[in-house]
Structures are given as structure tokens and as C-alpha cells.
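Derivation of every value follows stated rules applied to the coordinates shown; laboratory data play no part. Only a predicted model underlies this, so the values are computations on that prediction, with no experimental measurement involved. Using ideal geometry, Cβ is built from the backbone for each residue, glycine included, and neighbour counts are taken over all protein chains shown.
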Amino acid sequence: MKDLLPELCDHFEGKVAFLAVPFSNYGQKVSFYGEVVTLRCYHDNSLVRETLNQNGAGKVLLIDGNGSIEKALLGDQLAILAEQNGWQGVIVYGAVRDAYTLSTVNLGIKALATNPFKTEKRGVGEAQVSLNIGGISIHPGDFIYSDWNGVLVSNEELDLTLLG
């Protein structure tokens, strides 16, 4: 379903929160959803590679880069790794790079912007922590739903079979 979020809001209004952040779409998947895996990292994507190297079946990686667009936290190699390991999507509260190649990867990808500069690799960051992005608290194990309409967060998995 390409316009998933309006349907979710109509059926589950009290169970979802809208992440009011101006994300842009970069991946080939128009609509994606899954259990949230969280990372907090600033100008260092060491943990991104480590996380995307794991089985991501049914999961969406949410990376809190503190909204900085000075360094790209995701590029073509990491997106391909995510696709190979079954991730549904990656949402970056920060920047990505290799935008054309990202558009060819069968993965949902959202970010604030692009920047061609890579990050430093210092092994700095936090995994599976609670985040606050756009005034919404997001916890590991929550569920994210995304399409061209934006991003919704729910603290439980929604029954998509109830949608028309």
C-alpha cells in the first residue's frame, strides 16, 4: 500500500504519533514499516555499520544524528548491506550520501538531507536507547510506519489486515 499512513491514521488514530520532521525519501521502497532499532550517534557511523551487519528482518533502523547534516551517517555501501541483511528501512535524523545509488536500493530510506562528506570512525555512539525526535519519544521495540506522507510511531504493532 503506497499511502499507508493515512489509512493507519483513520483506523488507529489513538495509537500512533506523527513524527513532524521534514524527512525526504531516498530509497527505492515507497512504503515500509517494522520494529524500531535505535542508534544515537553524532558524526560517527561506526555503530550504523555494526547494526546493519545484523539480521534486520522486520526491522527499521532509526538513527539520531542530532539533526546534523554536516556528515552523512548512511551511504551506498551501508544501504546495500542493510538490503542484504533484510532490513525494511533506515531513517536518519541527519544526512545521507550517494543519493542516486540509494534510490536504486530496495530499502526504505529517509533523511533530512544529503551531504557528500563521510563521518569519522571512532566507535562513538549508543545503541538501543530511547530517543526524542520532533517532540516524540521513540523506544527500542516500538514500531515505525513510513511512506511519502511521513513517519508514524506506535508503541505496539498495528494489525494491517484491518485496513481496507
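Figures for the structure shown
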| item | result |
| --- | --- |
| Long-range neighbours under 6 Å by Cβ, at least six apart or interchain, first residue outside any strand (DSSP E or B) within region 24-43, second surrounded by fewer than 17 Cβ atoms within 10 Å (Cβ to Cβ) and of a type in the set (D, E, K, R) | VAL30/LYS2; SER31/LYS2 |
| Residue match in region 97-104 (condition: over 20 Å from VAL151 (Cβ atoms), out of contact with any Ser or Thr (no Cβ under 9 Å at 6 or more places or on another chain) and not hydroxyl-bearing (Ser, Thr, Tyr)) | no |
| Matching residues in region 1-23 - criterion: being of a type in the set (A, V, I, L, M) and in a strand (DSSP E or B) | ALA17 |
| Residue within region 44-58 that is touching a strand residue (DSSP E or B) at 6+ places or on another chain (Cβ under 8 Å) and of a type in the set (Lys, Arg) present | no |
| Residue that is surrounded by the fewest Cβ atoms within 10 Å (Cβ to Cβ) [pool: residues in region 138-154 that are of a type in the set (Val, Ile, Thr) and in contact with an Asp or Glu (Cβ under 9 Å, 6 or more places away or on another chain)] | VAL153 |
| Of residues in region 124-137 being in contact (Cβ under 8 Å) with a residue 40 or more places away in the chain and more than 19 Å from PHE32 (Cβ to Cβ), the one surrounded by the most Cβ atoms within 10 Å (Cβ to Cβ) | GLY125 |
| Scan of region 124-151 for residues that are out of contact with any helix residue (DSSP H, G or I) (no Cβ under 6 Å at 6 or more places or on another chain), part of a strand (DSSP E or B) and charged (D, E, K, R), ordered by number | GLU126 |
| Strands (runs of 3 or more DSSP E) contained entirely in region 63-123, each with at least 1 residues that are among the charged types (D, E, K, R) and in contact (Cβ under 8 Å) with a residue 24 or more places away in the chain | 108-114 |
| Candidates ILE136, ILE63, ILE69 - the one that is more than 15 Å from the chain's Cα centre (by Cα) and β-branched (Val, Ile, Thr) | ILE69 |
| Failed item, numbered, when LEU61 is tested on (1) in contact with a helix residue (DSSP H, G or I) (Cβ under 8 Å, 6 or more places away or on another chain); (2) surrounded by fewer than 19 Cβ atoms within 10 Å (Cβ to Cβ) | (2) |
